[in-house]
Structures are given as C-alpha cells and as structure tokens.
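Input: a single structure, listed below in structure tokens.
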Number of protein chains: 2
Amino acid sequence: MSADSYAHHFSIANIPFGIASSSTHPAPAAVTRIRDHVIFLDALLEDGVFRNTKGLPRNVFQQSTLNNFAALGRESATSVRTAIQQAFKPDSNYKPPLNAVIPVSQVKMHMPVHVGDFTDFSCSEDHVVNAGEAVFGKRAVPPGFPHYPLGYGGRSSSIVISETPVQRPLGQYRSKTEQDNVLFGPCQDLDYELELACIIGKPVRMGDIATAADADEHIFGVVLLNDWSARDILGLEIVPLGPLNGKSFTTSISPWVVTLDALAPFAIPAAVHSSPVAPYLEDPNPNGTYSLELTAEVLSGGLATQVCVAKLEWARWSFRHIFAHQAIGGCGLGSGDIIATGTLSGKTLQALGCLLEMTMNGKRPFKLKDGSIRTFLEDGDGVRITGFAGTPNDGVGFGECVGVINPALTLSRGVQ
Amino acid sequence: MSADSYAHHFSIANIPFGIASSSTHPAPAAVTRIRDHVIFLDALLEDGVFRNTKGLPRNVFQQSTLNNFAALGRESATSVRTAIQQAFKPDSNYKPPLNAVIPVSQVKMHMPVHVGDFTDFSCSEDHVVNAGEAVFGKRAVPPGFPHYPLGYGGRSSSIVISETPVQRPLGQYRSKTEQDNVLFGPCQDLDYELELACIIGKPVRMGDIATAADADEHIFGVVLLNDWSARDILGLEIVPLGPLNGKSFTTSISPWVVTLDALAPFAIPAAVHSSPVAPYLEDPNPNGTYSLELTAEVLSGGLATQVCVAKLEWARWSFRHIFAHQAIGGCGLGSGDIIATGTLSGKTLQALGCLLEMTMNGKRPFKLKDGSIRTFLEDGDGVRITGFAGTPNDGVGFGECVGVINPALTLSRGVQ
C-alpha cells in the first residue's frame, strides 16, 4: 500500500503536525500534510502565514522536534492550524513558496517529539479482563481499575517512528513444556498492541497538579501507538513490579500528530460511564471520548490480514482520565511526554487488539491470508495499525503505524 | 550537620564528578570535590591538566550536565580522575587557578546528568520477601527473582537532586478501616527507600546487546538514591502493572557521582552467589560487588534517628546484573540513564531499608529521638541517606542524599 492511499486521512479538515526531511530539506523540520503533500512550516512562517499567532518564536519550525512548538500550548497550535486551513482552502489566493510543498512520497518522516517520559495505561476493561484471563487464567477486574486507569512506566528512548524495523528481543521465559524450567533466548511469543497515545504540549510543572478538566489545554495531539510486547518474557517478570523487558525493547508511533481540534467534530459521550470517580477524574465535558475506529493488520507473504477493528469509545477511561491520573501525584508532565491508552479491545473476537487476547495466549491459532498459521508474530511479519474518524468525505485519520519484525541478535555479536 | 562533615568521604581517593554553580560560577558546570573544596574542571582543562586525556572536547566541562563527558566512556573518566589526583596529591607542585577552587559551603549542587530513562530494580532478596509479606501477607520470592533482578520503569523527569523538598502526593488508596472503600487525598503512608544507582556513561545503541561482562565499561559511576514511595497509593495500583503513582512523584539522588575506579579498592566477592545464571548475567569478575555500608536516618525535631544500616554486598544481584538485564532486550541505554538497585535490606530489624519493612506496613510503630512515634513519614520529617566504603582514613563516600517532606497540595490550587 503506497503512502498516498492515506490521502483521505489528511484532508484540510485534519492539518496534523510532524517532522520530515527531504532532499531539498535535508535537516528534519516541522511539517503539516494536506492529502498527498507535505508542507514545511518554516517557509509559511517566513511568508507571514502565522502573523496572527502570538508569541511564535521565529525558529520554532526549524527545529528537529515539535517539543518547543507543542510547549506553547493549545491556543498557539489552534491558531497555526487555522491559519494553514485559511491559506490552503479551495478558494484561497495564497501561493505557498515553491519549495515548501513536497509530495509525501519524497519525504522521510522522523520522530515528531523528543519523549521525556512515557506512560502506558490500560483504558479498555475488555483488554484488562481478557489479558488477565490469558496470563493468569482468571477473568477479573484488577482492584484499582474501577477507580482509575492502571498504567506502567514505559521506556522513552526506544520509542521509534513507524516503519522502523522491530528487533525480536532476547530474554528469559518459562519453558512451554516444563513450567518450572526457565529458558534464555529470542522471545517466542512476540505480539503487537493496538493503541492511541496523547502527546503533551503545554507542560505541567513538577509539584503542580492538573485534572481531567485541564487535559485539553495540555494535550498537543494524538498518534497511533504499537506497544510491541514479548508475552513470554512479560509472563515471567510481571509479578510484582509489572512490565519491563517484555515491553521496553521497542514501541512504535505514527508520524502525524493529530490535534484535538481536528478530532473535535467526532467528540461523543463515552459509552462506558465511569462515574462516580474521584474529583480529579471528573470530566465536565459531556463528550468524554471520540468516535474513532482503529484497525490492525498482520502483514505476511505480501498480504494484509485484518486481525482487529476496535473503537476508542468502548474504552472505560479517556484521554482526559489518563492525563489527569498521571498528573495528580505532582510528578509534572513535560512537552513531548507520551501517555498511551493501552490496548483498545472490544467484546467480539474481531475486536481484540493484540494476539494475546485473540489467540488466548497461543491456544487459538489463526490463519493468515497467505495460508500460514500464527499464534504470535514470526520474523518477517509486519503489523499495520490505522485509525480514522468520520466518513471518507469529511473524515480525519492518522495514516498508519507499521513495523516489520527482524530476527533476534545472538549473544556472540555482543555490544558495540 | 554541615556539608563539610563529609570531608572524609571526599579524600583524594575519591574524585567524584558533579555539577555545581556559585556566585563566581553562576552557570552550572562540571566539578569534582576534594575534602571541603569543590573544583571547577573547565579551569583545570584550560590549564592543561587533562592534556593526556584523548578526545576530550574543549567545552565538555562547561556544560550544565555530565552527559557528554560520561558518554566518552570509562577510559576518559579514568584518565581525567587520575590527572586530578596527580595534580592535587600532597607533594604536587601544581597551583590551580585561584577561581577554580571554591569552599563546598559556597556552591549549589545541581542534577549531575539529564536522565533519559530510569529503571529501578530489586536486587535485595530480603527486601523483596519482606515487602511482599508486608503488602500481600505472604513471604515468597517472586517467580522471576531467582533468574534475574526484577525492575520497573521509573519516571525520569521527577528525579531531583538531594535537598530538593519532597511534596506529599495526592492519590487514591484503600481506607484503612474499610478495605473496599477507596479514598482520594494526600498519601497517608509516605516512605523512603535506601538505594544505590548506576549512572550510564558510554551508551549502548538501540538494537545492540550488552552483558554483565560489558557493564564496567558503560557505568559512569554510582550515586545514592531515595525512591520515595507512597505505600497506600502503590498498594491499590500495583496489581497487575506494578508501581506508577506510588513512586512517580519524586526520586532523590545524591549530587556526587562516585566512579567505579574510586570504588575498585572495595571490590569483594558477592556474599550471595547467583549462579547458575543465564549467560548474559555471568560475571567474569570474581569480585561481584563492593564492600559498602549505607545508613538511613529520619530527621525530626532537629534530631536524626538512625533507622537502617545495610550493606550492598548482601544483595542477590549486582550493578553488573542490573545493567545487563536492562540491556539484554535491545532497548539501548543512553548516557545519563539511571539504573537503581532497589531497597537494600538485610536480615535484622536494624537493616530494613524502608519503613514498609521496618513497621511491617504500619503495624510496628517506632519511636524517634525527639520522642515522637512514627509508622510512616509526617510532613516536616526528613530522610538522610549516606554511604561509605573503607575506613575514615582511606575510605570513599557518597556524601548524603536528603529530602524533607512538604505537605500535599489541595485540588483547589489547581494547575499553573
């Protein structure tokens, strides 16, 4: 599938932000995208397109990450996005500088932000219960989950941009034949997780607190996230300190940060009510979530097999909740921090956002379109996640987050 | 206790690295310390003291963190430390520039590194078993612990330098009278954890692997670490994803990074053997640990009450093990990353490195020197951790890591 098949994700209704380079713009810099074209924002700034945006530093779009732009806060991002929409709307007379607009096929996308801290939450009750059953053999809601979204501290430095290969990790895990025997070697149960994630814009200072009501002012935008998971490594380590090497090897995100302004037309009441909740989690907005469909496909033998279609609105906890729960302890949030939803699953077999759930931890193999059988991912397999809100005519999408599995290293290769 | 009472920690046998500012050096920059004096390293570099250190960038000691210096690797740090020892040994003719040497009482210490990622492990079997009993009511070694050190991803952005106040966090926890009732408010069971931590120097590239045998080349040095813990918040959230808000609010470290070269004279065989282990954890060095004593005191009413004396050598897993276990999955390690030992406890009541263990989760109150009774920490209480190896004449120490508890904010103060 070529990159421009996502043109309808990036109509003028979207105007996401990202970081790109090209032969004509070798230094990674801030961009937006309209259909099949990427637009370098510094050229528009030079051209005066953002003259009405207050306090925009002259060099803000020349930087190799969006952190400083995002840190300016919601008002600045809204103003820049609106100015781009005005300049590029069908009846506009604006002529952008020739070198500012590049076909998307001719750019390389980079990490949109430098990530200071990454927390991955669990917002989906279906996922939490299904995963608990697959790992611990019992369907149960964990003690904290009715009160707030559960989460773990993820690894920031191994978050990579879509299309970066994913190296199968080495680790220790229980033998499948003798549970008391612990083996060391390449992960045997490599999985994906279908997620969305907020990227923080305006920071929350350490020692300050922020609540669900403050969230939209601090969320710069949303990306797709694949929390690659080594189920066997995770299974041995998870008690009692939670995930570490089962998750830390790689996390992939999509390159385009879709703003809450772009998602606003798709805001809807949360289907799952989470009241009564603690005061910091109370959402004053009757529209607690977004109507947004996510799809995961496994890629093998040149064919894509759809393995999951899930909706954000099924989740028990929202973006505002995960923002507030991370912030309430006073740790502070930095621009570029990532706060993810965890796997977004539903109630049917077609709506399970990871293979752990879909195969019940390897006990229900499934067939791919190329005829091969899987329980977990094999070397050479890819996973593609997409997300879209609305109709093809008026919708807003995320493009894709894709990764292909490379074989594990062997210990003898050692360290650089 | 005045800062210079640690003079014997910082004899010429130590030569740690840190970041300091003073009225004469307002921009934070790299320093070392000899007894009661702090020495700005850029002035020594200008003076040619490091002429034999290969590849030392001219501005490396002018920077506000040690990351770039640490990234040069063990050989550079060893060479710089040796050159300082040569220049300042008793029979040296070297006269440092007048403005390079400042009394320690006249400097402010800053975070020594920018921390990209922080993992806190559990190296002490006594702690793991005691803490498990205190929280879950059962003495048991977790399934993974015999095979490798367990760990969780900590929060990087809330790691602060010693003397930074610690704000009591808000969060949700079980009512002590009705276990099914979950309350929201200031943490009631605030605790410290007595730990050491490695700071990574030479990075491990993402996708590469590194083993225990590689560790000493990548560890820049060691600091004291207090992993402040909200036991009640942690107790509700820990199943199944591990610590998040129970830990994320603040972590304190000591300002002086003590090198492995300084600790080398105190290297000893590990008292607790951890063989057989997976190949990446095999330590080819017969001296697996360091003979190092750590002390924790609770400060209240102007008096210090010693609550723990523990030895690093009691731990089941070593610095080399936690380095290797973090690296083996291929996530990479960055310069400035922190990898901590977890609470270092022993077998006696005087050697329990946190109040959770010492009070059996609040069931065994104890008396402070000022006559007051504690189970956990109250507002205004301080905790001071120190660490020292060797005798007062030839020893090497870490100085102190101290923090005083400030009251929680209330929700109405809201967000900046």
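The values are calculated or read from the model by the stated rules, or taken from the named source; none is laboratory data. Every value quoted in this text rests on a predicted model; they were computed, and no experiment measured them. Note that we place each Cβ from the backbone using ideal geometry, even for glycine, and neighbour counts take in every protein chain shown. All accessible areas refer to the heavy atoms of the entire protein, side chains included, with ligands and DNA or RNA removed. Shrake-Rupley method; radii C 1.70, N 1.55, O 1.52, S 1.80 Å.
The per residue volume of the convex hull around the alpha-carbon atoms of the range B:158-215 is 199 Å³. With the whole protein complex present, B:Trp314 retains an accessible surface near 90 Å², based on a 1.4 Å probe. The label point for B:Thr78 and the one for B:Asn287, both projected 7 Å from the Cα toward the Cβ, are 1.3 nm apart. In chain A, a dipole from Cβ-located charges (positive for Lys and Arg, negative for Asp and Glu) runs towards its positive end, and of A:Phe323, A:Gly144, A:Ala296 it is A:Ala296 whose Cα lies farthest in that direction.
Of the residues B:Asp379, A:Asp227, ranked by 1.4 Å probe accessible area with the largest first, the sequence reads B:Asp379, A:Asp227. A straight line joining the Cα centroids of the range A:212-263 and the range A:58-116 runs 24 Å.
Based on the Cβ-Cβ distance of B:Leu411 and A:Lys311, what FRET efficiency does E = 1/(1 + (r/R0)^6) give at R0 = 25 Å, to the nearest 0.05? The calculated FRET efficiency here is 0.20. Between exposed trypsin sites (Lys or Arg not before Pro) in chain A, where DSSP calls loop and at most 16 other Cβ atoms lie within 10 Å, what's the longest gap? Counting only loop sites that pass the neighbour cut-off, the longest clear stretch is A:206-346. Cβ-Cβ distance of A:Lys89 and A:Gln350, R₀ of 35 Å, FRET efficiency by 1/(1 + (r/R0)^6): the value works out to about 0.35. For a test of the definition: using alpha carbon positions, the gyration tensor, and the 1.5 limit on a/c, classify the range B:46-167 as rounded, prolate or oblate. Because a/c hits 1.5 or more and a/b exceeds b/c, the range B:46-167 counts as prolate. Rounded to the nearest 10 degrees, the inclination of helix B:125-136 to the longest alpha-carbon principal axis of chain B is 30 degrees. Volume of the convex hull of the range B:7-110 (Cα atoms only), normalised per residue: 94 Å³. Taking other residues whose beta carbon is less than 13 angstrom from the beta carbon of A:Pro255, and scoring Lys, Arg as +1 and Asp, Glu as -1, yields 0.
In sequence order, the range B:187-196 has phi-based couplings of 3, 9, 10, 7, 9, 10, 9, 7, 9, 10 Hz under the Karplus curve 6.51 cos²θ - 1.76 cosθ + 1.60, θ = phi - 60°, and Gly or Pro positions carry x.
When the charge dipole of the protein assembly as shown is built from unit charges on Cβ atoms (+1 for Lys and Arg, -1 for Asp and Glu) and taken about the Cα centre, the candidate among B:Val101, A:Ile385, A:Ala13 whose Cα reaches farthest toward its positive end is B:Val101. Overall, the range A:7-110 carries a charge dipole of about 140 debye about its Cα centre when +1 sits on the Cβ of Lys and Arg and -1 on the Cβ of Asp and Glu, all other atoms neutral. Grab the other residues whose beta carbon is less than 12 angstrom from that of A:Leu356, score K and R as +1, D and E as -1, and report the net. Result for the local shell: -4. By the Cα gyration tensor, the protein assembly as shown has an equivalent ellipsoid whose semi-axes, rounded to whole angstrom, run 43, 32, 27 from largest to smallest. Helix B:74-88 and the longest principal axis of the C-alpha atoms of chain B enclose an angle of approximately 60°. Using C-alpha pairs under 8 Å with a sequence gap of at least 6, the mean separation divided by the residue count of the range A:1-87 gives a relative contact order of 27 percent.
Taking amide H atoms as placed 1.01 Å from N in the peptide plane, the amide H of B:Thr251 lies under 5 Å from those of B:Ile159, B:Val160, each 5 or more residues away in sequence or on another chain. Charged side chains reduced to their Cβ positions (Lys and Arg at +1, Asp and Glu at -1) give the range A:316-416 a dipole of some 380 debye around its Cα centre. In a reduced charge model with +1 at each Lys and Arg Cβ and -1 at each Asp and Glu Cβ, the range B:118-406 shows a dipole moment near 560 debye about its Cα centre.
Counting 0.36 nm for each residue step from A:Ile12 to A:Thr177 and taking away their Cα separation leaves a gain of 53.9 nm.
Semi-axes of the equivalent ellipsoid for the range B:118-406, computed as √(5λ) from the eigenvalues of its C-alpha gyration tensor and ordered from largest down, come to 29, 22, 18 Å.
Extending 7 Å from Cα along the Cβ direction at A:Ser5 and again at B:Thr24 yields two label points whose distance is 6.9 nm.
Using the Cβ-Cβ distance between A:Gln62 and B:Asp394 with R0 set to 60 Å, the FRET efficiency from 1/(1 + (r/R0)^6) comes to roughly 0.65. Taking Cβ atoms as reference points and 15 Å as the exclusive limit, the residues near A:Lys311 contribute a net charge of -3, counting Lys and Arg as +1 and Asp and Glu as -1.
Rounded to the nearest 10 square angstrom, B:Thr177 shows an accessible area of 130 square angstrom against a 1.4 Å probe. In the range A:178-323, a dipole from Cβ-located charges (positive for Lys and Arg, negative for Asp and Glu) runs towards its positive end, and of A:Val309, A:Ser248, A:Leu281 it is A:Leu281 whose Cα lies farthest in that direction.
For chain A, adding -39500 (n - 2.57) for each run of n ≥ 4 DSSP H residues and dividing by the number of residues yields -4500 deg cm²/dmol at 222 nm.
Across the range B:332-344, coupling constants 3J(HN,Hα) worked out from phi with the 6.51/-1.76/1.60 Karplus curve, θ = phi - 60°, read x, 10, x, 4, x, 4, 10, 10, 10, 7, x, 4, 9 Hz, and Gly and Pro carry x. Among the chymotrypsin sites (Phe, Trp or Tyr not before Pro) in the range A:62-152, those placed in a DSSP loop whose Cβ has at most 15 other Cβ atoms within 10 Å are A:Tyr94.
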